[in-house]
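The values are calculated or read from the model by the stated rules, or taken from the named source; none is laboratory data. What you see is a predicted model; the values in this text were computed from it and never measured. FYI the Cβ positions are ideal-geometry reconstructions off the backbone, even for glycines, and counts take in every protein chain you see. Just so you know, the surface numbers come from the protein's heavy atoms only, side chains and all, with ligands and any DNA or RNA stripped out. Shrake-Rupley method; radii C 1.70, N 1.55, O 1.52, S 1.80 Å.
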Amino acid sequence: MGTQYDRAAISGAATLAGTLNISLINGYEPNIGDMFTIMTFGSRSGDFTTVNGTSIPNGKVFQKNVSGTSVVLEVVAVTTTTTSTTSTTSSTTSTTTTTVTTTSTTTSTIPGVGHLKCYNTKDSRTKVPYTFDLMADVAGFPDELGCSLKLGAKQTCVEVAKQNVSPLPPGGGPAIPPNAGSVFLSYKIKCPKQTVAGVTLGDQFGTGLFTVGTASSLLVPALPGPANDHFKCYKTKDARPKASYTMDLIAGVAGFVNEIGCTVKLGAKQLCVQVTKQNVAPPPPGGGPGAGPGSGAKFLLYKLKCPKGTVPPATFTDQFGAGTFTPGTAKTLLVPAQ
């Protein structure tokens, strides 16, 4: 694998099963964030039951991402957590004998949400206003009490895999987790004005200083996506030099399409941080996915241009109820930051 690698293009339906074997040749070692689309197909059933050859030297691993139209191998960092337990037993007569038994378990964890592509959307639900409090879960950001929003949602955001980025970005962001098919609905919000100090953040496009302006939107997790956190997004000014990148965005949610040849231009327009939403009034109907892990995650949001495509209406459900959403043009891309 490298600039040239094996791939299979299937025009119709594919049935995946058995073992996927991955091998690197000629001493090639990919970098974190590299992605390799090894299969494309019109539709898919099943999955590989075994994957061999995922380990890469220097603390990296291949992560298999399977969507409705492709199989992508993504290079991510391995985070290792080691836990130890120690038990001691003693018996005393004229001498003391101590026995120490230590067991160690090592697990690899890749937490968080990956890239999110957001489409302008039309929300079929009845317009209803809500008030709520947003409690900060990221250091340096304040709790904001008495925020408000009005249905409907302004954007539908779905998890995607980013690949074939050109020119090669400088890197520096967090390891990207496997695509879990996350779905969010984005709402305009109003919160009492507060002053927040600027922050230094890095994503795959490099590290820079970001001013923090007004809180302007809230991302709420929705079904059919998994349990997830809420994210509050602030307007921001990005101190990094302006740059333009092209990339392919591979869909991770059924019904959405791969988009090839998209363009992102620095700087970031919003900075999003994980929050906890509470004291919602009136009580919402509910029905969305469960609560997220309180990850403390952050995103940088960029304007996005992709070739025009058609995405059919879909039904999504969040804490404000179920509705039919008609996605329009893909407008923004949220990139994980740290």
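List of remarks:
- Any chance Y234 is more than 16 Å from C272 (Cβ to Cβ) and either assigned to a strand (DSSP E or B) or in contact with a Pro (Cβ under 7 Å, 6 or more places away or on another chain) (or both): no
- The set of residues in the range 152-186 being assigned to a strand (DSSP E or B) and surrounded by fewer than 20 Cβ atoms within 10 Å (Cβ to Cβ) consists of N164, V165, S166.
- Between V275, V264, V253, the distinction of being more than 20 Å from A337 (Cα to Cα) and hydrophobic (A, V, I, L, M, F, W, C) belongs to V253 only.
Yes or no, residue by residue, for (1) at pLDDT 95 or above; (2) surrounded by fewer than 18 Cβ atoms within 10 Å (Cβ to Cβ); (3) closer than 25 Å to I189 by Cα:
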site: F210; (1), (2), (3): yes, no, yes
site: F231; (1), (2), (3): yes, no, yes
site: K235; (1), (2), (3): yes, yes, yes
site: D238; (1), (2), (3): yes, no, yes
site: A243; (1), (2), (3): yes, yes, no
site: T246; (1), (2), (3): yes, yes, no
site: I250; (1), (2), (3): yes, no, no
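- Scanning the range 218-228 for residues that are surrounded by fewer than 23 Cβ atoms within 10 Å (Cβ to Cβ) and not aliphatic (A, V, I, L, M) yields P224, P226.
- Cβ-Cβ distances below 6 Å connect the following pairs, each with a first residue in the range 136-153 that is among the polar types (S, T, N, Q), a second residue that is open to solvent by 10 Å² or more (accessible area, probe 1.4 Å), and a separation of six or more residues or different chains: S148/T131; S148/K190.
- Qualifying residue in the range 280-301 (condition: among the basic types (K, R) and outside any strand (DSSP E or B)): no
- Residue count for the range 272-317, restricted to those that are hydroxyl-bearing (S, T, Y), within 20 Å of E259 (Cβ to Cβ) and either open to solvent by 40 Å² or more (accessible area, probe 1.4 Å) or touching a Cys at 6+ places or on another chain (Cβ under 9 Å) (or both): 1.
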